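Working notes, beginning with the structure itself.
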Amino acid sequence: MMHNERLLIENGDWQPWDAGFSAGRGDPDRLRQSLEGLGKKFRKQLGLRADPFAFRSGMGGAVEVRTSGIAGTVSVGDLVLDIAPKFVPRGDGLGDWSASMLLLMQHARKRDLALNRARHLAVERHSFVDLLAMAFSDATEAGLADQAIHTYKTSPQCLPVLRGRMNLPRQIRSVFARPHLLECDVDELDADNGYNGLLKWAALAFAAAVRAPTLRRRLSDLALRLPGKPSRRIALQGGRLQPPPQFRVWTEALEIAALLSSGLSHATGRGVAQGYSFVFNMERLFEHFIELSLARAVAILNKQGFSARTQVSIAYAEPDPGSSIRFFSRPDNLVLRHGVPAVVVDAKYKRLSDAEGMRNRKPVNADVYELVAAMTAHNCRCGLLVYPRVLGDAVLNDHELHTWTVSSFGTTLRVGALALDLSALRVHADLQHIDTTLTAALESLLAA
């Protein structure tokens with residue numbers, strides 16, 4: 001089936017909507033309505049601040065589209081939208097955004113996978129979800145070449161000889177009805193379990209979503225070979241999926257399947273409203289990425305007694321008599337030295353220069369106000385704002401830490417701002433560079 005393929009950039013320029021549509025390849029008005037409806041679902045499911053798809057009438061009355069807050073692959077009918085994150089470079093480097101995105105996802109979700117293994121296929125036209133499906137297929141075939149996951153399942157049995165464990169309550173109840181039989185609980189290895197159910201569900205979901213016919217057939221074959229019934233219930237229970245030690249070869253496939261469960265939304269309806277999506281709330285993804293990277297950066301300083309905590313809530317405004325409302329501060333991250341707050345760290349998924357006025361060479365005022373309030377609440381003299389480096393940003397293209405001093409009630413506070421280059425993420429060594437950059441920023445703030 002022919003697809004109408006489009007590339008959008010998160011928070012990028014307005015793009016003509018009608019361009020590229022041809023007879024028999026989708027009605028732009030109906031696709032627009034379907035995409036707007038899907039965007040509302042995304043907003044609710046992913047906790048977005050606003051609808052991710054916006055339309056307007058441009059010059060000459062032509063309809064234009066813009067997307068924000070998400071990155072990934074979306075399909076509605078025969079329309080396929082690849083949405084690149086805003087931190088990727090334009091031009092020739094734009095085609096490699098999926099590799100950076102995949103590494104960012106696996107890292108931020110505590111993955112240790114080789115999701116960018118399919119990068120050598122980037123010369124072909126593959127969607128973001130196709131690349132993930134390739135990695136899942138490779139991991140699943142590696143697992144099937146070893147052995148399917150089996151877990152113990154306890155079944156009650158009534159036998160003439162003891163097998164497994166005797167169930168005394170049931171035995172007492174049946175002593176007169178079946179005195180010649182023993183009530184047993186037997187533990188048996190069973191392939192119809194939550195792990196295989198998730199893998200089977202993921203194979204079918206990928207098969208319905210991918211663009212390449214050969215990959216679709218490969219995934220459908222894997223779904224048939226996997227035991228059990230498709231179900232993602234185990235992934236919705238929270239926590240990391242860790243199979244029994246003897247089935248460790250399945251870890252990568254399970255992690256990708258869980259990742260799919262957290263990011264995939266199906267669009268249902270009629271005609272062009274049918275399709276799939278695999279997108280992420282980029283703000284949350286970036287915040288989680290910084291949280292884990294900061295933990296490793298602090299570990300480098302651990303010999304000095306440093307540690308990191310997340311979402312530490314503290315009251316900074318106590319109610320006067322007659323009022324019962326307290327105000328709390330809860331920054332993203334708090335770096336402590338010997339248990340005492342040393343640096344407040346907030347991750348902001350925006351441009352550093354997205355402030356009022358023309359190309360202000362300072363962080364957004366509201367970001368600084370929020371950070372200073374958190375520093376005051378935690379009695380902490382240092383604060384750090386961390387942003388992604390975005391092409392065209394007015395500041396921080398030099399990758400250096402920028403600092404300001406704030407005088408507050410006789411105390412001098414230091415506020416730092418740092419933009420991290422996420423567009424070059426390809427291998428785990430690139431992630432280590434992010435960690436060392438954060439370490440250097442912390443050292444600079446603490447040394448002053």
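For (1) assigned to a helix (DSSP H, G or I); (2) of a type in the set (Val, Ile, Thr); (3) open to solvent by 40 Å² or more (accessible area, probe 1.4 Å); (4) at pLDDT 85 or above, each residue gets a yes or a no:
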site	(1), (2), (3), (4)
Thr214	yes, yes, yes, yes
Leu222	yes, no, no, yes
Ile234	yes, yes, no, no
Ala257	yes, no, no, yes
Residues of segment 308-327 being open to solvent by 50 Å² or more (accessible area, probe 1.4 Å) and either under 25 Å from the mean Cα position of the chain (by Cα) or aromatic (Phe, Trp, Tyr) (or both), which ones? Arg309, Thr310, Gln311, Ser313, Tyr316, Phe327
So is Leu199 within 30 Å of Gly72 (Cα to Cα), out of contact with any Lys or Arg (no Cβ under 9 Å at 6 or more places or on another chain) and of a type outside the set (S, T, N, Q) or not? yes
I'd like the full set of residues that are open to solvent by less than 60 Å² (accessible area, probe 1.4 Å) and over 30 Å from Pro52 (Cα atoms), limited to segment 275-298. Ala295, Ala297, Val298
Any idea which of (1) modelled with pLDDT under 85; (2) open to solvent by 70 Å² or more (accessible area, probe 1.4 Å) is the one Arg426 doesn't satisfy? (2)
Which one of Thr376, Thr405, Thr439 is at pLDDT 90 or above and over 22 Å from Trp97 (Cα atoms)? Thr439
List pairs: first in segment 154-177 and within 20 Å of Leu189 (Cα to Cα), second of a type outside the set (Lys, Arg) and open to solvent by 90 Å² or more (accessible area, probe 1.4 Å), Cβ under 9 Å, 6+ apart or cross-chain? Asn167/Pro156
For segment 166-201, name all the residues that are closer than 28 Å to Arg225 by Cβ, aliphatic (A, V, I, L, M) and either modelled with pLDDT of 90 or more or open to solvent by 80 Å² or more (accessible area, probe 1.4 Å) (or both). Leu189, Leu198, Leu199
Residue list for segment 15-51, filter: open to solvent by 80 Å² or more (accessible area, probe 1.4 Å) and either modelled with pLDDT of 85 or more or part of a helix (DSSP H, G or I) (or both): Asp29, Arg30, Gln33, Lys40, Lys41, Arg43, Lys44, Gln45, Arg49
Examine segment 95-104 for a residue that is open to solvent by 10 Å² or more (accessible area, probe 1.4 Å), at pLDDT below 65, part of a helix (DSSP H, G or I) and farther than 18 Å from Ala205 by Cβ, and state whether such a residue exists. yes
Among what's in segment 342-364 and is open to solvent by 40 Å² or more (accessible area, probe 1.4 Å) and closer than 26 Å to Ala308 by Cα, pick the residue that is modelled with the lowest pLDDT. Arg351
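The values are calculated or read from the model by the stated rules, or taken from the named source; none is laboratory data. Because the structure is a prediction, the values reported are computed rather than measured. Positions of Cβ are backbone-derived with ideal geometry, glycine not excepted, and every protein chain shown enters the neighbour counts. With ligands, DNA and RNA removed, areas are computed over all heavy atoms of the protein, side chains included. Shrake-Rupley method; radii C 1.70, N 1.55, O 1.52, S 1.80 Å.
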